1. For the stretch 88-134: of the residues being under 19 Å from the mean Cα position of the chain (by Cα), crowded, with 20+ Cβ neighbours inside 10 Å and of a type in the set (Gly, Ala, Ser), which is nearest to Pro327 (Cα to Cα)?
2. Just checking, does the stretch 320-339 include any residue being over 26 Å from Phe120 (Cβ atoms), outside any loop (DSSP other than H, G, I, E, B) and out of contact with any helix residue (DSSP H, G or I) (no Cβ under 6 Å at 6 or more places or on another chain)?
3. Tell me, yes or no, whether the stretch 361-382 has at least one residue that is assigned to a helix (DSSP H, G or I), surrounded by 19 or more Cβ atoms within 10 Å (Cβ to Cβ) and under 18 Å from the mean Cα position of the chain (by Cα).
4. Here is a check on your reading of the model: is Asp381 modelled with pLDDT of 95 or more, among the charged types (D, E, K, R) and touching a Leu at 6+ places or on another chain (Cβ under 9 Å)?
5. Tally up the residues in the stretch 151-179 that are at pLDDT 90 or above and under 10 Å from Pro327 (Cβ atoms), please.
6. Consider the stretch 291-312. How many of its residues are surrounded by fewer than 19 Cβ atoms within 10 Å (Cβ to Cβ) and either among the polar types (S, T, N, Q) or not in a helix (DSSP H, G or I) (or both)?
7. Condition (residue is of a type in the set (A, V, I, L, M) and touching an Asp or Glu at 6+ places or on another chain (Cβ under 6 Å)) applied to the stretch 350-363: is it met by at least one residue?
8. Pairs, please: C-beta under 7 Å, at least 6 apart or cross-chain, first residue under 21 Å from Phe310 (Cα atoms) and in the stretch 45-70, second at pLDDT 95 or above and among the small types (Gly, Ala, Ser)?
Amino acid sequence: MHQSDPAKPDWLIFGLSAGLLALVILPVVLLPEDSQSVINATFTLITQELGVIYIALTAAIIGLLLYIALCPWGNIRLGRETARYSKFSWISMLFCCGIGGSVIYWGATEWVFYYTSPPFEAVARSNTATVWAASYGMFHWGPGGWALYCLPTLAICCTYYLKGIPSLRLSTACEPVIGNQANKIPGRVIDLLFIVGLISSAATGLGFGTSVAASALTRLIDIEDNFSTQLGIISVMTVLIAFSVYRGLDEGIKTLSNINSILALTLVAFVFVVGPTQFIAEMSVTAVGNLVQNFFTMLTSTDALTDGDFVESWTVFYWAWWLALGPFVGMFVCKISEGRTLRELIFGMLFWGSAGCALFFMVLGNYALDTELRGLHGVVDETLNQSPSAALASLIERLPLGGFWLAFLAVIGIIFTATTYDSASYTLAAGASVRLAPGEHPARWHRVFWAVALGVLPACLLSLGGLKALQTASVVASLPLLVVYLIMYIAIIKTLREMTETKLATSIA
């Protein structure tokens, strides 16, 4: 597919989005201590007071998606009769677009936080806590999160392919409910919320991916892992993202995603073979069994009867992060899903997305868990006292040919992150375009601008100390999008019902 004439930017949305980005960055740069205090207070307020809304919405979305996939609506095909991309390329692109370097950052060490502060009042570091620790990472990166990606994907597909509206803007996906408001105040607000949400959430993932690459490189070449090092890595990733998105959807993003999937699977396979294979296999089966048995309990847990903050600190944060990134993933996956049925789309995202993430948690996570339990390395202490990425680098260094695999990890961290945010840059440009027909693409300068802009915010947030600032950016950005998700939920049902009624009326006539 050749690059066609570029789509015209929507200058109002472009200008407002760029201005808001500057308003967020300036206080962080000029008033870092005050910004840190505000960030911590905001995260606590939203997760504790409004967390139940995120939990209820996620459960409702899973129910709707499964209903659509299993009923006759699941047979509806998007656009052309054959899929535009092979299944491997499609899965690679949707996975790399939706995950980035974050799954590597958390895959090996997220269990540490659950092991030392477990859910459901389990005793810390006990066998029960160990099983929950091995299970909860797969839960947070499983069907619940991918459902929050899938709902906006489905809503955008309904208007883009089924109603034939040549626009990937989020306001267009809401049109069955709000009417033709794309160029009026309601539509403008929705599109602006999408762009702000994407920039903020992209900062989170870009920050995590940067930390992985920085920890691996500093261990490999013996330099200090500090903000200057991370800033240098962000700069390299920004250039790679800009180049990829400049090349376009097929020549850049698809190729990078395919390469990245092969590299990541190579690392996971090597760890499984040379690591504690039996423990990894046995613990993985135990964790999956525990997850299946307790999925609905985990999905609806709100810590209502305890004084703990496990759900607020982790589940609500994750649902907020997935939710804020959802419209971006939706636009991108919509663009690459032409020719697939709704059933393929839903099960592809819920199953392949969840399975891909679970693979990292089962292999890397259980390798790390075995290392801790056998006293071979203090994974828990290093994760809590330094960072998850530092512990990951130590674990990789322990492998045979550790130096080679540290370099391999750095490359994966950079490419994994780049494959997400070249997609994000493309989607930001698409969302800030007036119209975008199936054969059109945003202007190259427009895509490159957003690639550069995406590198600025995580650099500023990392300068404040990292994790909490990055988490809060996602949580705050997701809050107004809760309303947009409700609108898309209704819009999907309305569009599919109208199609059914129209088809029935046509058959009767």
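The values are calculated or read from the model by the stated rules, or taken from the named source; none is laboratory data. None of the values given here were measured: they were computed from a predicted structure. So basically every Cβ, Gly included, is an ideal-geometry build from the backbone, and we count neighbours across all protein chains shown.
1. Of everything passing the filter in the stretch 88-134, Gly98 is nearest to Pro327 (Cα to Cα).
2. yes
3. Within the stretch 361-382, one or more residues are assigned to a helix (DSSP H, G or I), surrounded by 19 or more Cβ atoms within 10 Å (Cβ to Cβ) and under 18 Å from the mean Cα position of the chain (by Cα).
4. no
5. The total comes to 6.
6. Total meeting the criteria: 12.
7. no
8. Filtered contacts from the stretch 45-70: Thr58/Gly144; Thr58/Ala147.
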